[in-house]
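First the structure, in the form of structure tokens, and then the observations on it.
The values are calculated or read from the model by the stated rules, or taken from the named source; none is laboratory data. Everything numeric in this text was worked out from a predicted model, so none of it was measured. With ideal geometry, Cβ positions are generated from the backbone for all residues, glycine too; neighbour counts draw on all protein chains shown. Surface areas here come from the heavy atoms of the whole protein model, side chains and all, with no ligands, DNA or RNA. Shrake-Rupley method; radii C 1.70, N 1.55, O 1.52, S 1.80 Å.
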Amino acid sequence: MLIRVLGSAAGGGFPQWNCGCPNCRGLREGTISAVSRTQESVAISADGDDWFLLNASPDIHRQIESFPRLHPRGPRHSPIRGILLSNGDLDHCLGLLLLREFHPLIVYATDHVRRGFVEDNVLYRTLQRFPEQATWRILKLGREEELVGEGGHPSGLSVEAVPVPGKLPVHLEGWTPADPEQNVGFRIRERGTGRALTYLPAVGQVTPAVRQALDGADCVFLDGTFWSSDELSALKLVNKRAEEMAHLPVSGGTGSLAALAGLPARRRILIHINNTNPLLREDSPERRAVTAAGWEAAHDGMEMEL
Ligand code: MLT
Ligand code: MN
Ligand code: ZN
């Protein structure tokens, strides 16, 4: 399985347009050792020809241009065979609306995520300009599904959606009831080799279902949004703890690194990293702690073959 990180930052990217935190300021001024990042999305492929995107970020145009394997191979063509949505947050979905140029799209998501995106959303009409412009393939929790491109073309990859503690997208709070389908992770399996990738960009808590999804994975992508619970409040940016935003912090006795110590996956990678997270600084003690624990920080353009 080929994997390419298209974007590695949380919503807003790094730097974020209205943020003057030490990281964003330092990046703009060139005074810290860090690189900019676009919003989280990962491309995967079994054969290098047909690709699937994990989430559709608002930076999708730049991200496609940044990776020649996603470029058209004919006057009207895209090697992107399908797009998987892990939840309905704008940083995961907005990219769909930006792919409105008369191209059939196949979208894999739970029915809850689909409804949150298509219902009461007049902008969705831009993806209904011809029949079958958008085809939704509904993921049921815990059921393995083959990823199939347009025209029934098999991809060699299968996916299982795993329920993960998360939250409703901000725009659906108070609008629709919470549901276990609102936030999922993906367990992707390559049929030929049996290699497995577990993709969990938003994790509020490490539950038995989360552990099961990680079990036996060759490569793991995990929620790396916040270093600590009080990261945003300490910077006087937002008066909310990481846990209230359904992101388990990386550090601390109950953080994700401690909870998942000893995870045997060959590659363990933090993704969806918020602009405030000190691990973004390559020479920080926090980054050293991540590395010492056997984890990596995702960066845009990171590639691997499983
Ligand atoms: C999140 O990851 O928590 C969301 O992207 C936040 C948001 O939608 O503003
Ligand atoms: Mn997000
Ligand atoms: Zn910032």
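Going by the conditions given, is residue 58 under 20 Å from the mean Cα position of the chain (by Cα), more than 20 Å from residue 197 (Cα to Cα) and either within 16 Å of ligand 1 (Cβ to nearest atom) or among the aliphatic types (A, V, I, L, M) (or both)?
Working: under 20 Å from the mean Cα position of the chain (by Cα): yes; more than 20 Å from residue 197 (Cα to Cα): yes; either within 16 Å of ligand 1 (Cβ to nearest atom) or among the aliphatic types (A, V, I, L, M) (or both): yes.
When the stated conditions are applied, residue 58 passes them.
May I ask you to verify whether residue 118 is within 29 Å of residue 302 (Cα to Cα) and β-branched (Val, Ile, Thr)?
Values: within 29 Å of residue 302 (Cα to Cα): no; β-branched (Val, Ile, Thr): yes.
No: the conditions fail for residue 118.
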- Task: Hey, can you tell me all the residues within region 250-300 that are more than 17 Å from residue 23 (Cα to Cα), hydrophobic (A, V, I, L, M, F, W, C) and either open to solvent by 40 Å² or more (accessible area, probe 1.4 Å) or within 16 Å of ligand 3 (Cβ to nearest atom) (or both)?
- Result: 258, 261, 289, 292, 293
- Message: Cβ-Cβ under 8 Å, sequence separation 6+ or interchain: first residue in region 2-25 and closer than 17 Å to residue 296 by Cβ and in a loop (DSSP other than H, G, I, E, B), partner acidic (Asp, Glu) and more than 10 Å from ligand 3 (Cβ to nearest atom). Which pairs?
- Response: 8/40; 8/300; 10/40; 10/91
- Item | Residues located in region 127-180, provided they are within 19 Å of residue 55 (Cα to Cα) and in a helix (DSSP H, G or I) | 127, 150, 170, 171, 172, 180
- Subset tally (residues that are under 14 Å from residue 248 (Cα atoms), surrounded by fewer than 22 Cβ atoms within 10 Å (Cβ to Cβ) and not aliphatic (A, V, I, L, M)) for region 164-210: 5
- Query: Which one of the conditions (1) in contact with a strand residue (DSSP E or B) (Cβ under 9 Å, 6 or more places away or on another chain); (2) more than 16 Å from ligand 1 (Cβ to nearest atom) does residue 129 fail to meet, given that it meets all the rest?
  - Reply: (1)
- Message: I need the full set of residues from region 211-227 which are open to solvent by less than 30 Å² (accessible area, probe 1.4 Å) and not acidic (Asp, Glu), in order please.
- Response: 213, 214, 217, 219, 220, 221, 222, 224, 225, 226
- Message: What pairs come out if I take residues in region 83-101 that are in contact (Cβ under 8 Å) with a residue 12 or more places away in the chain and pair them with residues that are open to solvent by less than 10 Å² (accessible area, probe 1.4 Å) and among the acidic types (Asp, Glu) whose C-beta lies under 8 Å away, six or more apart or interchain?
- Response: 91/40; 92/40
- Query: Can you tell me which residues in region 146-175 are within 19 Å of the chain's Cα centre (by Cα) and under 17 Å from residue 45 (Cα atoms)?
  - Reply: 147, 157, 158, 159, 160
- Task: Sort out which residues of region 2-34 are within 14 Å of ligand 3 (Cβ to nearest atom) and either within 20 Å of the chain's Cα centre (by Cα) or closer than 21 Å to residue 220 by Cβ (or both), and write them in order of number.
- Result: 9, 10, 11, 12, 13, 14, 15, 16
- Criterion: out of contact with any Ser or Thr (no Cβ under 7 Å at 6 or more places or on another chain) and of a type in the set (D, E, K, R) - qualifying residue of 62, 37, 4: 4
